[in-house]
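First comes the structure, then the notes that go with it.
Only the coordinates and a few stated rules stand behind these numbers; no lab work does. Fair warning: this is a prediction, and the values are worked out from it, not measured in the lab. With ideal geometry, Cβ positions are generated from the backbone for all residues, glycine too; neighbour counts draw on all protein chains shown.
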Amino acid sequence: MGARVTAVLLTAAILGPTVGVRAQDGGGSDEGYWPQWRGPFGTGSAAAGSPPFEWNDERNIRWKIEIPGLGSATPIVWGDRVFVFSATATGEGWRSQGGLFARLRRRVMGGVGPGDVQQYVVTALARSDGRVLWQEVAIEEAPHEGRHATGSWASPSGVADDEQVCAFFGSRGLYCYDHDGRFLWDRDFGDMEIRMEFGEGASPALHGDTIVINWDHQGQSFITALDKRTGEERWRVDRDEITSWATPLIVEHGRGAQVVTSATNRVRSYDLATGLTVWESEGVTMNAIPSPVAANGIVYVTSGYNGSSLLAVRLADASGDVADTDAVAWSLDRDTPYVPSPLLHQGILYLVKSNSGVLSAFDAETGTRVYGPERLPGIRSVYASPVAVGDRIYISGRAGTTLVIKAGRDFEVLASNELDDKFDASPAVAGDELYLRGQDYLYCIAAP
C-alpha cells in the first residue's frame with residue numbers, strides 16, 4: 001500500500017483496562033471506556049454511567065466539534081481521549097476535474113464512485129473539551145471502487161486498549177498507533193470486491209494481544225488473526241462467503257475464546273488461538289450486516305434483508321454443525337434488523353426491525369417476546385445501533401432525533417431529543433457522557 005502520510009489537518013477535529021474487545025461470561029469493565037464497535041462487551045451495553053436523557057443545542061452539550069470528511073464509524077473512548085476516524089477528499093482525481101468525461105463518470109457513479117483521492121484520518125480528542133490532541137493521515141489514496149450513496153469511505157470503527165489504538169480503513173489498510181499518535185505498524189490486506197459496490201464496513205475485533213479481521217467479499221474471503229504489537233499474522237483461514245459487513249465477536253467460554261462470524265452462507269465460530277472451526281450453522285440472510293452479541297453462554301446472530309433470521313446458540317452445547325440440535329436455544333424469523341446490530345442489556349435482547357423506527361424486545365434466555373413491535377415516535381429510518389446504560393436505551397434516527405427508552409419489560413419513551421444533524425454512526429457511552437457522531441459534528445452529551 002502507498003506510503004504513510006502524516007499531517008495535521010485541523011487546528012481545533014471486552015474488557016478490562018488491559019484487554020481489547022471481549023464478550024465474556026461474567027467479567028467486567030472499567031466505567032468510562034468504549035473501546036470498540038458495540039462497546040466494552042460487544043453488546044451495545046455500557047458497564048456503568050449516567051449520561052443525560054434530555055438535551056438540545058443549548059442544553060447538556062458539553063462540546064461539539066466539526067469533523068471534516070465522511071465517516072460513519074462509531075467513536076471509541078479510552079481514558080481521557082476520544083478517537084474518531086474519517087475520510088476527506090483532497091480535491092485531486094478525476095471526480096474533481098472538469099470536462100465531459102469527468103461529468104459522465106460522476107453521473108454514472110451517482111456522485112459516490114471512486115476517483116477522488118481521500119485522506120484517511122485518525123483524530124484523537126480530549127474528552128474534557130474536544131480539543132484535538134493529535135491527528136494522523138494514515139494514507140492518502142483514491143478508493144478502487146464505489147460505495148453506497150448513504151455510506152462513507154471510513155465506515156469501520158477502531159479498537160483500543162491501554163497500549164494502542166488501531167484504525168481500520170478496509171482496503172486501505174489497518175493502522176496502529178500509541179495513544180500519543182506515534183505510528184507503530186500497518187497491514188495491507190489487498191482490495192475488496194464488494195457486492196453492488198456498496199462499500200466496506202466490518203470493524204476489527206481485539207482480544208488480549210490478538211486482532212481479528214474478517215474479510216468477506218466477492219473475491220476469496222478469509223478471516224485472519226494478527227499479533228497486535230507487530231501486525232504479524234498468526235493464522236488465516238479461507239472462507240466460502242460473499243460480501244458481509246458484520247464485525248466478528250470474540251467471546252470467552254470455558255477454557256478459551258471463540259471468534260463468532262455472521263455471513264450469508266454459514267455462521268461460524270473459530271478458535272481464537274488456532275483458527276480451527278469450533279461450530280457452525282446455516283447462514284443468515286443476504287447482506288449480513290448486524291454483528292453478533294453474546295452473554296450468559298448464549299450467542300445471538302441475526303440479519304434482516306430479504307427475510308428475517310435470528311439464531312441463539314448455547315456455547316456449552318455447540319460443536320460441529322449445530323443446526324437442528326439442542327445447541328440452538330431459540331430462533332426467530334420476523335422483526336429482525338437489516339443494518340442496526342442488536343442490543344443485549346440486562347437479560348433482554350432489543351431488535352430494531354429492518355431499518356425502520358420499530359422496536360421489539362425479547363427475553364434473551366428463552367426468546368419469549370417481552371414487547372413489540374413498538375413504533376418509535378419521531379424516528380422513521382435507523383442505521384445506528386441502539387446502546388444502553390443503566391435503565392436507559394438510546395436510539396438515534398437518521399434525521400437527527402435520538403429517543404431515550406426505559407430499559408426493561410415495559411416500553412416507555414423517556415425523552416425525544418432533536419439536533420440539527422444526521423446520524424448514521426452508532427452512539428458511544430463512556431461514564432456520564434454520550435458521544436454522538438453526526439454527519440457534520442461530534443457531540444459530547446453531558447451535564448455541565
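Couple of notes before you dig in:
- Charged neighbours of residue 266, selected by a Cβ distance under 10 Å, balance to -3 (K, R count +1; D, E count -1).
- Using the Cβ-Cβ distance between residue 188 and residue 381 with R0 = 35 Å, the FRET efficiency computed as 1/(1 + (r/R0)^6) comes to roughly 0.50.
- Projecting the Cα positions of 42, 339, 253 onto the charge dipole of segment 23-445 (unit charges on Cβ atoms of Lys, Arg, Asp and Glu, taken about the Cα centre) puts 339 furthest along the positive direction.
- Amide hydrogen proximity for residue 210: with H placed 1.01 Å from N in the peptide plane, the residues at 5 or more positions away or on another chain lying under 5 Å are 228.
- Label-reachable residues, segment 409-432, where backbone N falls under 14 Å from a point 7 Å from residue 439's Cα toward its Cβ: 419-425
- For segment 196-266 and segment 327-378, distance of Cα centres in Å: 25 Å
- Backbone N under 16 Å from the residue 178 label point (7 Å along Cα→Cβ), restricted to segment 112-152: 134-135
- Residues of segment 248-292 with amide N under 14 Å of a point placed 7 Å along Cα→Cβ from residue 333: 285
- Residue-wise HN-Hα couplings along segment 125-132, as the Karplus relation 6.51 cos²θ - 1.76 cosθ + 1.60 with θ = phi - 60° gives them from phi, are 10, 6, 4, 5, 9, x, 4, 6 Hz; Gly and Pro carry x.
- Of the residues 210, 377, 297, the one whose Cα sits farthest toward the positive end of the charge dipole of the chain, with +1 on the Cβ of Lys and Arg and -1 on the Cβ of Asp and Glu, is 377.
- Student exercise, the chain dipole from Lys, Arg, Asp, Glu Cβ charges, in Debye to nearest 20: 960 debye
- Given charges at Cβ of Lys, Arg, Asp, Glu: the chain dipole, positive-most of 272, 181, 355: 355
- The magnitude of the dipole of segment 248-335, with charges of +1 and -1 set on the Cβ of Lys/Arg and Asp/Glu and taken from the Cα centre, is near 200 debye.
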